[in-house]
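Notes follow the structure.
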């Protein structure tokens, strides 16, 4: 049984908001101090409610309220939620940057935090000096920084410029150096706040790789991100923060599925457009098959059977069953039809044995219809939506991953040394082609 | 799916790793000295960084550390000394004033830096945790470098005027320590106040000016009538200045009621400043 390394118990954080001026002036405070001296020493945390001050109102918001969860040693946990849900506040509290208003948390082990890339960097100092400064601020000892210095500079690829003032670096170089320092922190617990979403593709690939290494080495990571693919890749558990509270927590697949459902607009059941005739009515749909416990979730890229149950109240002599699959953006991914159906009165099951559904994990919608002799009898936008929850195999970044999640095998084979004749070249290419198909 | 965290109560609390508890601040906060000691390298880095940046940005660099007290000393010697003929314990005016300006310049510089340090390091404070006390500490410790440079000029002056300090010089380190404590005490108050009430830093130059004239920099404390000496001692810098002058030159006021009252004030200032700063730490992180 592994230890709990992060224990969060009813954590809450309240901020004061409103039209009061952002910074108080001492003169106002002194005026009030003369009238009520004890108030001068009250810490201005927003927990104290009734301050009878004349300027500004007292609206408070609870950025976090009653947040509780446990993280065990070695887990990689993602924190997701919409912007403004309170994820960064939670991380800030755990990072001890700000203090909670209520509740408490307990942390066991050395903790490193990555809330920002380039903490402590100063443009006037050289790269070398900044590495030491930033490393010290992040919690490394001088000896440790000295030991890892070459590795850090190597990772950042700025060896030639290490003694130039930082203000002469390009943004990319600065970020690489900043991340290099942070990546060589070796804490037992790591808190990361969306820092992996900055920088160019190369940089992000490097960061993700390093994150992966850290995860594999058995460290505990708490990771805030908006990139669902990154979360799927790295995290085994996910905590979903919504409006300051824990809305769901559990295995990545199911929580992400719920999250995406909530985020998508298409969960409005579009019952409008259904034929008024009670002659035909689609009742339900499900995924059938071995190993398929959840009836609306696809967890394998292997064969899948999709079944639609329909109630027929009048005999159908030349029926046509149409089916469409839409993705969450409403794109028609696939459509098919079964013609010349003859159906008696009763309940029928329409089965589609599909050999593979190699689609990117997410939410999809079936739409089914039944026509009889050219007349639409029923059209149903199926609810609930279908979740595809297969392990991601595509590019780690959402914007490059595309629409499919195809299993594939890659190999690279050298083509034979070819003489200059184009004819021979063509033959050579054909050979390579054949080889590629065989492997 | 996990529900409430009850695992904690079931396990025996015997862990090798230290447990850190994060919770809302309650009452008057105690200073975590161990944590502060662990952060000493960070303190060194902050001081090193400030010094490096300051000297990279000024054209005259280290010379400024001498020029300031030197110029002030010249003005004082001329107007307070030669023209107003203020008593100087028989010392040449330059020595009389410079020996007091040494701790004073250190104090006012440290105060200005401490006032601004928390606000200037806003980015770092809102992103990473380290004991916040390190910041005013770094401002106070950082001023010692300039002090050392100004002090070397003083030694040259002593040689020139052929002043030989008496045995009192042995107590000099104590007075230096007292000066650092005073700067720390006042600095803690001001750095916390400025982070919360941003107009404080406009008050500080005026405060420092006023404070200087309330201290025995431009005149000896013997000017103050005997029965009021202890009131005068309520100024924490009074004891420091007199002490510097006495231990460095061998002339002037040996430790007396003034120093006793003054030192007590210094301790109160430091205790109060530490308490206020640590109490406001939570607020500072939110408003800075």
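Quick note: the coordinates plus some simple rules give every number you see, no bench work behind them. Predicted model only: the values in this text are computed from it and were never measured. Cβ placement follows ideal geometry from the backbone for every residue including glycine, while neighbour counts extend to all protein chains displayed.
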Compute the distance from the alpha-carbon center of segment B:193-214 to that of segment A:306-370, in whole Å.
77
Per residue of A:63-72, what is the mean number of Cβ atoms on other protein chains within 10 angstrom of that residue's Cβ?
2
Taking the Cα atoms only, what angle lies between the long axis of helix B:172-196 and the longest principal axis of chain B, rounded to 10 degrees?
50
Mind checking which of B:215, B:152, B:263 has the largest fluctuation in a GNM of chain B, springs on alpha carbons under 10 Å?
B:152
Per the helix-only model, chain B has a calculated mean residue ellipticity at 222 nm (DSSP H runs of ≥4, -39500 (n - 2.57) each, divided over all residues, rounded to the nearest 500) of -22000 deg cm²/dmol
What is the angle, in °, between the Cα long axis of helix B:257-287 and the longest principal axis of the Cα atoms in chain B? Nearest 10 is fine, range 0 to 90.
30
Averaged over its residues, how many other protein chain Cβ atoms are within 10 Å of peptide B:76-86's Cβ atoms?
0
Please give the Cα centre distance for segment B:217-268 versus segment B:77-132, rounded to the nearest Å.
17
Whether segment B:32-287 is rounded, prolate or oblate, judged on the alpha carbon gyration tensor where a/c under 1.5 counts as rounded:
prolate
Sort segment B:135-222 into rounded, prolate or oblate with this rule: let a ≥ b ≥ c be the square roots of the eigenvalues of the Cα gyration tensor; rounded if a/c is under 1.5, and if a/c is not under 1.5, prolate when a/b is larger than b/c, oblate otherwise.
prolate
Gain in span if fully extended, residue A:288 to residue A:236, counting 0.36 nm per residue against the direct Cα distance
16.1 nm
Report the FRET efficiency, 1/(1 + (r/R0)^6), for residue A:147 and residue B:57, where r is their Cβ-Cβ distance and R0 is 41 Å, rounded to 0.05.
0.85
Between B:236, B:255, B:225, where does the largest GNM mean-square fluctuation fall for chain B, given springs only between Cα atoms within less than 10 Å?
B:225
Report, in degrees rounded to the nearest 10, the 0 to 90 angle that the Cα long axis of helix B:236-249 makes with the longest principal axis of chain B.
50
On average, how many beta carbons from a partner chain sit within 10 Å of the beta carbon of a residue in A:101-110?
5
Rank-order B:175-187, A:164-176 by packing density, defined as the average count of other C-beta atoms within 10 Å over each peptide's residues, highest first.
B:175-187, A:164-176
With springs connecting C-alpha atoms under 10 Å apart, model chain B as a Gaussian network and identify which of B:146, B:50, B:199 has the largest mean-square fluctuation.
B:199
Please rank A:242, A:378, fewest neighbouring Cβ atoms within 10 Å first, as an exposure proxy.
A:242, A:378
